[in-house]
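Here is the structure we will look at, set down as structure tokens.
The values are calculated or read from the model by the stated rules, or taken from the named source; none is laboratory data. Keep in mind that what you see is a predicted model, and the values were worked out from it rather than measured. Virtual Cβ from ideal backbone geometry, glycine too; neighbours counted across all protein chains shown. All accessible areas refer to the heavy atoms of the entire protein, side chains included, with ligands and DNA or RNA removed. Shrake-Rupley method; radii C 1.70, N 1.55, O 1.52, S 1.80 Å.
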Amino acid sequence: MPLKAAAHIEAMSAFALANFGGYDQPTLAQNESAFPPSPKAIEAGRDATARSHLYPDPDWTLLRDAIARAYGVERDLILCGAGSMELIACTIAAFAGPGTDVLATDYAYNFAASAAARVGAAYVKAREHGFEVSIDAVLAALTPATRIVFVCNPGNPTGTCIKNTELLRLRAALPGDVLLMIDQAYGEFDDQDPHALFALAGRGDTVVLRSLSKAYGLAGARIGWGLFAPQIAAELRKIQNSNQVSTVSLAMAVAAIEDQAYMRAAVARTSDIRDRFAQGLRTAGYEVPESRTNFVLVRFAEAAAAAAADNALRGAGIVVRGLAGYGLADCLRITIGPQDVMDRALRILTALRGRLCW
Ligand SMILES: Cc1ncc(COP(=O)(O)O)c(C=O)c1O
């Protein structure tokens, strides 16, 4: 008899990362930072390599202290993980399973679908309108099987923002036995005050997730954190491997969080390049929703036009993200990279728009 995986694992597909053709070329396909991490983080990581014979601190003590200070959140609510992906997967595994639904929105971060599939939960989508999450549509899609509502704010791949007041309205309208997950991987790019959302975590029915992969430029170090009430954290701790964040990554993360000025400058520069790139694309005639992230979504007249643009950019060594997997074959997602790369991308897309009459 041939070896068989569990039926729900056989039935799922692997989580698709971007097709960026190798690690040796810069890519605008993965929403990595345009800037390296803080020099203080690099130095701290270098120093920490000498302690690599020791297992990392499974309680992330120094990192939780640093996060609590920098974000004004309660230290005891913080859990850290190997990227927010680990925390997303563990939360979904702990609170969903066969016969239950994880309710997300049309264009929520796809990894949540993969995390639901691996525990045999159904992944259901509420409609978005004009690339924006509609809280009313989320509430209308609730069923007795809904155990988790997963929303991204700001969103990936749309880049758009939900007003925090709308998220508070969502929480107030959800039943108490439905866990609300608010994924804020791009939270540092959102100019709304996050404290009202952070405060939801204390209720015991909401988790808020953050990442150091974007604003802090630490995607390769794999660090995320989130706010979890004690009764939720206790369940996650049963399935989380607390040694997952390496000693080197922990040291880098602490130094990066302590260097808020560097992070804020990187976010400001990225946002500035983004806004000028988006405006240039709109002037050329493309539809580009307002982004509060380190990328933009560009909508073309049709899928063939998006594919032509993808090819033209690839031909010039600029790899961006196709979105057919989200049902958006007429769109591309373009990460904000260094200014000169964005200038080249804008020239190529402007010329393309002029050549073809979409
Ligand atoms: C919305 C969203 N959430 C979570 C993640 C995962 O981030 P991390 O690198 O912290 O695992 C990403 C990565 O692109 C993302 O876009």
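Here are some notes:
- Flag for Ala96 being free of Cβ contacts under 8 Å to residues at least 12 places away in the same chain, over 28 Å from Asp193 (Cα atoms), of a type in the set (A, V, I, L, M, F, W, C) and not assigned by TED's automatic domain parsing to the domain that holds Leu328: no
- With respect to the conditions (1) over 18 Å from Gln339 (Cβ atoms); (2) open to solvent by less than 60 Å² (accessible area, probe 1.4 Å); (3) not assigned by TED's automatic domain parsing to the domain that holds Asp59, Glu290 falls short on a single one, namely (2).
- Residues (within 18 Å of Ala29 (Cα to Cα) and open to solvent by 20 Å² or more (accessible area, probe 1.4 Å)) located in segment 183-216: Lys214
Listed here are the residues, each with its yes/no results for (1) in contact (Cβ under 8 Å) with a residue 40 or more places away in the chain; (2) more than 27 Å from Glu10 (Cα to Cα); (3) away from the ligand (no atom under 16 Å from the Cβ).
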{"position": "Tyr123", "(1), (2), (3)": "no, no, no"}
{"position": "Asp136", "(1), (2), (3)": "no, yes, yes"}
{"position": "Thr158", "(1), (2), (3)": "yes, yes, no"}
{"position": "Leu170", "(1), (2), (3)": "no, yes, yes"}
{"position": "Ala173", "(1), (2), (3)": "no, yes, yes"}
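- Yes/no for Val119 being surrounded by fewer than 21 Cβ atoms within 10 Å (Cβ to Cβ), outside any strand (DSSP E or B) and in contact (Cβ under 8 Å) with a residue 12 or more places away in the chain: yes
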